[in-house]
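Worksheet for the structure shown next.
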């Protein structure tokens, strides 16, 4: 059972990472970005990686 939970957490982490990276790419390519927004998105990306990747 715990294997399914770990797999689901990894999948959710991959989706969240993809979303944050896509948002950063969109902001940078559009030219309408704020440094605070980029820092927040990358912090969310790092937090996701810390909780979903094995130690």
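Read-outs throughout are calculated quantities, based only on the coordinates presented, and are distinct from any laboratory measurement. None of the values given here were measured: they were computed from a predicted structure. Please note: Cβ atoms are built from the backbone with ideal geometry, for glycine as well, and neighbour counts cover all protein chains shown.
Dividing the summed -39500 (n - 2.57) terms of all DSSP H runs of n ≥ 4 by the residue count of the chain sets its mean residue ellipticity at 222 nm at -30000 deg cm²/dmol. Here the peptides 34-42, 14-22 are ranked by packing, the mean other Cβ count within 10 Å, and the order with the highest first is 14-22, 34-42. Seen against the Cα atoms of the chain and their longest principal axis, helix 2-30 is set at about 10 degrees. Pairwise alpha-carbon distances in the chain exceed 12 Å for 66% of all pairs.
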